[in-house]
C-alpha cells in the first residue's frame, strides 16, 4: 500500500526537464513583454520625420577680388560674408571705382571672383611717369551749406607729405583706407625718403613697386 502511494506521488511531480522548459518559456515571455513596453515608451510620435542636419562648419571661404581696389588678390573670409567685406579686406576701392555698379550686400561663395569696375572715362594710372595729370573731383562746402563740386588736376610725382586724401587715392594700389593711413602716419613722422612709405600698414614691397615712380617727399 505504501509502495503504491509513493509511486503515485512521484508520478505527479514534474521532472527536471519540465521545470527547465517552463522556466525558459517564462523568461522568453517576460523578455518579450519588457521589450514591447520599452518600444512603446521610446518610439517617436507617428508622422514625425527624423531630419539629419550637416554639422556646422567654420572653414573660411576663399574669394578673389580684382579691379579698382587697393590690393587685388585672394582673401579668406568667414562663411556668409558679403562683397563689402572682401572690399574692406582689399584695402577699399580706388578713387576711380564705380561702386554703384556693385551689389555690396551680395553674399560671397567659396571660389568666387569679384571684379570692381572702373568709372566710365576714368583715367587709369599704371607706371608711365610721363602722364601729364589725373583729374580728381573734390567737394567743397560753401557758407550757405550748399556743396559745389570742383575739379583739380594731379601732376606726378606727388608729394606724399602734403598730398590730399583724393590725390593719394589716385596712386596705383592706394585706396581710401590706405590713403588715410598715409595721412595719419605723416602727422607723426614726416617721410624722409619715398621708401619710408612702406612703414605704413598695408603698403609692402609689391605696392611700393607700383607707386614709387609717382611719389616724392619734396626734397
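The values are calculated or read from the model by the stated rules, or taken from the named source; none is laboratory data. Here the structure is a predicted model, which means the values were calculated and not measured. Because the Cβ atoms are built from the backbone with ideal geometry, glycine has one as well, and the counts that use them run over all protein chains shown.
Going by what's in this entry, would residue 30 be described as in a helix (DSSP H, G or I), at pLDDT 70 or above and surrounded by 10 or more Cβ atoms within 10 Å (Cβ to Cβ)? In short, yes.
Only residues that are out of contact with any strand residue (DSSP E or B) (no Cβ under 8 Å at 6 or more places or on another chain), without any contact (Cβ under 8 Å) to a residue 40 or more places away in the chain and under 19 Å from residue 72 (Cα atoms) were counted in the range 163-181, giving 3. Residue 39 meets each of the listed conditions (1) under 56 Å from the mean Cα position of the chain (by Cα); (2) assigned to a helix (DSSP H, G or I); (3) at pLDDT 75 or above; (4) exposed (fewer than 15 other Cβ atoms within 10 Å of the Cβ) apart from (3). Screening residue 100 on (1) modelled with pLDDT of 85 or more; (2) in contact with a strand residue (DSSP E or B) (Cβ under 7 Å, 6 or more places away or on another chain) shows it passes everything except condition (2). In the set (1) modelled with pLDDT of 90 or more; (2) touching a strand residue (DSSP E or B) at 6+ places or on another chain (Cβ under 8 Å), the condition left unmet by residue 137 is number (1). Close Cβ contacts (under 6 Å, 6 or more residues apart or on different chains) running from residues in the range 191-211 that are under 11 Å from residue 171 (Cβ atoms) to residues that are assigned to a helix (DSSP H, G or I) and modelled with pLDDT of 90 or more comprise 203/197; 208/198. Condition check for residue 152 on (1) modelled with pLDDT under 85; (2) assigned to a helix (DSSP H, G or I): one failure, at (2).
Output yes when any residue across the range 83-90 is part of a loop (DSSP other than H, G, I, E, B), at pLDDT 90 or above and in contact with a helix residue (DSSP H, G or I) (Cβ under 7 Å, 6 or more places away or on another chain), and no when none is. Scanning the range 83-90, I find no residue that is part of a loop (DSSP other than H, G, I, E, B), at pLDDT 90 or above and in contact with a helix residue (DSSP H, G or I) (Cβ under 7 Å, 6 or more places away or on another chain), so the answer is no. The residues of the range 106-127 that are in contact with a helix residue (DSSP H, G or I) (Cβ under 7 Å, 6 or more places away or on another chain), part of a loop (DSSP other than H, G, I, E, B) and modelled with pLDDT of 85 or more, listed by number, are 106, 108. Checked against (1) in contact (Cβ under 8 Å) with a residue 40 or more places away in the chain; (2) part of a helix (DSSP H, G or I), residue 187 meets all criteria but (1).
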